[in-house]
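Here the structure comes first, spelled out in structure tokens, and everything after it is commentary.
None of the figures in this text is laboratory data; all of them are computed from the coordinates on show. The shown structure was predicted, so the numbers you read here are calculated from the model rather than taken from an experiment. Every residue, glycine among them, receives a Cβ derived from its backbone with ideal geometry; neighbour counts consider all protein chains shown.
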Amino acid sequence: MISATELDAQDPLAGFRDRFVHNSSEPGLIYLDGNSLGRQPLAVADVVARVVDREWGDRLIRGWNEGWLEIADGVGDLIGEVLGARPGEVTLAENTSVCLYKAVVAALRERSPRQKVLTDDANFPSDIQILRSACRSAGSGQRVEVVETSATADPTAVLLDAIDESTAVVSLSHVAYRSGWRWDLKAVNRAARRAGALVVWDFSHSVGAIPIHVAAEGVDIAVGCTYKYLNGGPGAPAFIYVSSQQKGLSNPISGWFGSQKPFDFDHQSPPAKGIQRFLTGTPHVVSAALVQPGIELLLEAGMPRVYEKSVMLTERFIDLCDKKLAKFGFEIVTPLDPESRGSHVAVSHPEAQAVCLALLNEQSVIPDFRPPDLLRFGFAPLYISFADVDSTVKRIVDVVEGGGIDRWKDKTPLVP
Ligand SMILES: Cc1ncc(COP(=O)(O)O)c(C=O)c1O
């Protein structure tokens, strides 16, 4: 196996690590939870100074005419570049849950009287709750069918088999939050289109880590978080993408910012024509501004290089787990084929929670734990090194051999 030092020396993205904030009082920290909350780009400090101090502090309400009105669309277009979308197809709004609700109700109304919303049991639980509430709101007997894919060797076959002429909407997480399983966008979109259904994707666990080309891959509608691999900050607004060809989709929560002329204060203002029609109320100016630096870093690095490194990091970790951790009862849950996974690796262990707590409290490694037995290790290519991968595996061995599991076995779990 080629040494981590050699790989880091050859890594074209190595310099990006220093473009993020690293707490100097924790120099050895290995942060493997960028699939939940990405690191803070250094450039965020300048954005705070500009937006908070100068624009809000000095310019006050005049800020709306000096860039705030366009901020959701401007940052949306940058995300559009990451997604391979055209300008004007992506905007920022609320959070993923609300954006998903809007997208699914819009799609259900457009595909009425079809009744079935198809998803799978590996989807994020909040997404499934939202699908159910979208069905209730659509109000003509629509229902959610949850296909069981997590226990099968061929999720694609199981899912595609369930798409039929009663399917209005298929809604999936591109990369599954637990296992890291990745759907083939083209295959699902093609099957849904053939059956006359619309697909609403949740790109939360793929955007910024996996190359996506919405136009080339036939994606009609997608939503996603900006606080994971886009490094937009805690609670950052989500994005919504609607292909410009889907002109018949309308926002079920129409409000002034989604109308053509919000400042006419008209009770009947018609909806905006572009993606702006999916806005509702006032954009989250400050948090939208903080999303920009992370996206600019990704665009500067280039998604092909980011993805290439993601595959190398996850491959190395899987390999080392196999060689050094399998004998202690650790099992890789994530697909071994890189085309079928995202940028995190899920590993099961009967004492996963204790291992996680020991890593956090004794080893300066931050992964996360998902009950009942899963550890997730997120490899954000812009700031994780190959040395981090090797060191993480070594520290897991140290936990097991050093009695860490016994020390943390009955301790209170952490959230998240
Ligand atoms: C796949 C996925 N979808 C949706 C969400 C929820 O996003 P939000 O809380 O921004 O609505 C998450 C949160 O982690 C997620 O992982």
Rounded, prolate or oblate: which fits the range 87-227, taking a ≥ b ≥ c as square roots of the Cα gyration tensor eigenvalues, rounded meaning a/c under 1.5, else prolate when a/b beats b/c?
-> rounded
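Suppose R0 equals 30 Å. What FRET efficiency, 1/(1 + (r/R0)^6) with r the Cβ-Cβ distance, do Leu42 and Glu66 give to the nearest 0.05? Don't skip to the answer; put the middle values down first.
Details: r = 25 Å, r/R0 = 0.83.
Efficiency computed from Cβ-Cβ geometry: 0.75.
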Extending each Cα 7 Å along its Cβ direction at His22 and Asp319, get the distance between those two points in nm, one decimal.
-> 2.3 nm
Once phi for every residue in the range 169-174 is put through the Karplus expression 6.51 cos²θ - 1.76 cosθ + 1.60 (θ = phi - 60°), the whole-Hz ³J(HN,Hα) values, with Gly and Pro written as x, are 9, 10, 10, 9, 7, 3
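Would you compute, from DSSP H runs of 4+ residues alone, the mean residue ellipticity of the chain at 222 nm, taking -39500 (n - 2.57) per run and dividing by the full residue count, rounded to the nearest 500? Each step should come with its number before you reach the end.
Details: 12 runs with 140 residues, N = 416.
After summing the helix terms and dividing by residue count, I get -10500 deg cm²/dmol.
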Overall Cα dimensions of the range 136-215, principal axis frame, Å, largest first | 38, 29, 25
Distance from the Cα centre of the range 94-110 to that of the range 355-416, in angstrom?
-> 36 Å
Where the centre of each part is set by its Cα atoms, how far does the range 238-277 sit from the range 54-71, in angstrom?
-> 22 Å
At q = 0.12, 0.21 Å⁻¹, base-10 log of I(q)/I(0) for the range 285-356 (Debye sum, equal scatterers on each alpha carbon) = -0.49, -0.90
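For the chain, give the share of DSSP beta bridges that are antiparallel, in percent and rounded to the nearest 5; count only bridges with both residues there.
Details: 22 of 40 bridges.
Antiparallel bridges: around 55 percent, rounded to the nearest 5.
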Residues with amide H under 5 Å of Gly224's amide H, sequence separation 5 or more or different chain, H placed in the peptide plane at 1.01 Å from N; which?
-> Phe203, Phe239
Where does each of Leu7, Leu29 land when they are ranked from fewest to most other beta-carbon atoms within 10 angstrom?
-> Leu29, Leu7
Sort the following peptides by mean Cβ neighbour count (other Cβ atoms within 10 Å, averaged over residues), highest first: 199-207, 85-93, 185-193.
-> 199-207, 85-93, 185-193
By the gyration tensor of its Cα atoms, with a ≥ b ≥ c the square roots of the eigenvalues, what is the shape of the range 336-416: rounded for a/c under 1.5, prolate for a/b over b/c, or oblate?
-> prolate
Given 4 °C and 1.567 mPa s, how large is the Stokes-Einstein diffusion coefficient of the range 274-416 in µm²/s, with Rh as the Kirkwood radius over Cα pairs?
-> 76 µm²/s
Most packed first (mean Cβ within 10 Å per residue), the peptides 54-61, 65-72 order as 65-72, 54-61
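Looking at the P(r) of the chain, how many percent of alpha-carbon pairs lie beyond 34 Å? Don't skip to the answer; put the middle values down first.
Numbers: 28143 of 86320 pairs.
Tail fraction, whole percent: 33.
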Estimated Rh, the range 232-276: Kirkwood, alpha-carbon pairs, angstrom | 12.2 Å
Kirkwood hydrodynamic radius (C-alpha pairs) into Stokes-Einstein, the range 1-104, 4 °C and 1.567 mPa s, D in µm²/s | 74 µm²/s
At a Förster distance of 22 Å, what's the computed FRET efficiency of Ser364 paired with Arg305, Cβ-Cβ distance as r, to 0.05?
-> 0.20
